[in-house]
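Data block below; observations after.
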Amino acid sequence: MSLPDCFARPEDATGALPLMLVDRAGLAAWSAGQPDTVQAWLRASGFDGQPGAPLLVPGADGRPAFALAGIGDIADPLSVAHLPSQLPPGRYRLDPASPLQPEAGRLLLGWGLGSYRFRRYLTGKEREPARLVLEQADAADSEAAGVLAASLRVRDLVNTPTEHMGPDELEAVALEIARAHGAETRVFRGDELLASNFPAIHAVGRASHRAPRLVELQWGDARHPRLALVGKGVCFDTGGLDLKGADGMRNMKKDMGGAAHALALAELVMRQRLPVRLQLVLPLVENSVGPNAFRPGEVLATRKGLSIEVDNTDAEGRLVLCDALAYAAESKPELLLDFATLTGAARIALGPDLPALYSHDDALAQAWLAAGDAERDPLWRMPLWRPYLTYLRSGIADLANSGASRMAGSITAALFLDRFVPEGQAWAHVDVYAWNDSDRPGKPAGGEAQGLRAAFAMLKGRYPPA
């Protein structure tokens, strides 16, 4: 696997400017050991070790001798994410004498995340990021490089407009990844969904000119524990006949963010060869308006046999997921995880940076939360409060997909999914935003991988590679 252009090989270290990393607490002790000219330069520049703009420190010849940058949490990859854009273009290498020495994988990950820009449609030349010289010749094969590639995969998929990332294109990406890793694939497309008992997926996607489908990938030794990953793949969401307003529809190319997360995580599991029998299930649809669009008030069948009254066609994500979850559960996986850009209510409760995590399995939830803390990729656990199922009560079907109350919207969506997961099945659901509303270091505006690094760390702890 090749690394992004923001990295240089070890043999290109000649002429690279040394990079010193400090924090505010350690600046005074470090600077006390520097020559008087360096101390004077720091005072004149007002450099205080705060994360932010780095400083070029001149040598006796007036040329930059090294770059100095303040960082915060050394364990957070994003602590260095401002450097690729704030350092002058050129090559840099972490100085062995740097007061702070981030772990090599976190440095690679943070530098790569901070250098990312979605350039597919840009015609003008952009400023190139500063390049980091990697010390390891095999860095491209490292776990950190795989995690970076998975994170950038999510960003690229979510950022691509639906014109070029509809069900057909997302299926093609999944099949390409499967071929690269020797995985088996199966696709149920169009009316095959009805023939194969995926009626809810078909109902949501039938109004689009691009056929709805379910893409399945299987990989790994059948003797290993079964791991099932499911991702909501609504490639564009108009809201259906319960049409969204313009503001609500503007970024709905990102409504396949759950599928992007599940696909990237599956690719990472295969790349790092975790000892699992992997099943990836991606329901891919467009929720469109047309003569045969599903209507409010209709009663839909589901794979599990439960009937659903459609209260709101804009609560479609849970409808495609219910068939996909029921299908994945039929294989009796040791662990079932799903990702979905499911509710605005989760964003109201937790904001854009914290995915909402739901699970009945305390050990599973705690392992994921702990991994999030360790990887600086946080999630927040929310309750599966069963009394709120009354908000999804239907008078003519087993349950409704929404209700009149605006209370507990993220919780009720998770409870809806829970009805399609067998009792006793180890399962976790993540309601993820998959988006940055504004530019921040390491988090450019647009598509974002959230909870992904934590998910892989949790899985690696549960299924350690041989």
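A few notes on this one:
- Verdict on Glu135 being without any contact (Cβ under 8 Å) to a residue 12 or more places away in the chain and over 19 Å from the mean Cα position of the chain (by Cα): no
- One residue from Val299, Val234 being closer than 28 Å to Gly409 by Cα, in the same structural domain as Arg393 (by TED's automatic domain parsing), surrounded by fewer than 24 Cβ atoms within 10 Å (Cβ to Cβ) and aliphatic (A, V, I, L, M): Val299
- Within the option set Ala349, Ala367, being small (Gly, Ala, Ser) and closer than 30 Å to Glu143 by Cβ holds for one residue only, Ala367.
- Checked against the criteria, Leu56 counts as in contact with a strand residue (DSSP E or B) (Cβ under 6 Å, 6 or more places away or on another chain), closer than 30 Å to Phe118 by Cβ and surrounded by fewer than 18 Cβ atoms within 10 Å (Cβ to Cβ).
- Every residue from region 34-49 that is outside any helix (DSSP H, G or I) and either loosely packed, with under 10 Cβ neighbours inside 10 Å or of a type in the set (D, E, K, R) (or both): Gly46, Asp48
- Conditions (1) among the acidic types (Asp, Glu); (2) closer than 19 Å to Glu448 by Cα; (3) free of Cβ contacts under 8 Å to residues at least 40 places away in the same chain: number failed by Asp76: (3)
- Of residues in region 161-174 being of a type in the set (A, V, I, L, M, F, W, C) and either assigned to a helix (DSSP H, G or I) or in the same structural domain as Gly110 (by TED's automatic domain parsing) (or both), the one surrounded by the fewest Cβ atoms within 10 Å (Cβ to Cβ): Ala172
- Restricted to region 281-388, the set of helices (runs of 4 or more DSSP H) holding at least 1 residues that are closer than 30 Å to Glu103 by Cβ, in contact with an Asp or Glu (Cβ under 8 Å, 6 or more places away or on another chain) and of a type in the set (Asp, Glu) is empty.
- Matching residues, region 392-449, being closer than 23 Å to Ala328 by Cα and either polar (S, T, N, Q) or outside the structural domain of Asp353 (by TED's automatic domain parsing) (or both): Asn401, Ser410, Thr412, Gln425
- Here Asp314 fulfils each of the conditions (1) more than 17 Å from the chain's Cα centre (by Cα); (2) within 22 Å of Ala174 (Cβ to Cβ) apart from (2).
- Cβ-Cβ distances below 6 Å connect the following pairs, each with a first residue in region 156-180 that is more than 20 Å from Met252 (Cα to Cα), a second residue that is surrounded by fewer than 20 Cβ atoms within 10 Å (Cβ to Cβ) and not aromatic (Phe, Trp, Tyr), and a separation of six or more residues or different chains: Leu175/Thr185; Ala178/Thr185.
- Residue match in region 193-201 (condition: touching an Asp or Glu at 6+ places or on another chain (Cβ under 7 Å), closer than 19 Å to Leu280 by Cβ and assigned to a loop (DSSP other than H, G, I, E, B)): yes
- Candidates Leu357, Leu342, Leu379: the one that is more than 24 Å from Arg106 (Cβ to Cβ), surrounded by 16 or more Cβ atoms within 10 Å (Cβ to Cβ) and in contact (Cβ under 8 Å) with a residue 60 or more places away in the chain is Leu342.
- Scanning region 197-219 for residues that are in contact with a strand residue (DSSP E or B) (Cβ under 8 Å, 6 or more places away or on another chain) and either surrounded by fewer than 16 Cβ atoms within 10 Å (Cβ to Cβ) or among the aromatic types (Phe, Trp, Tyr) (or both) yields Phe198, Trp219.
The values are calculated or read from the model by the stated rules, or taken from the named source; none is laboratory data. Note that the structure is predicted; figures quoted are calculated from it, not measured. In this analysis, Cβ positions are derived from the backbone assuming ideal geometry, glycine residues included, and neighbour counts consider all displayed protein chains.
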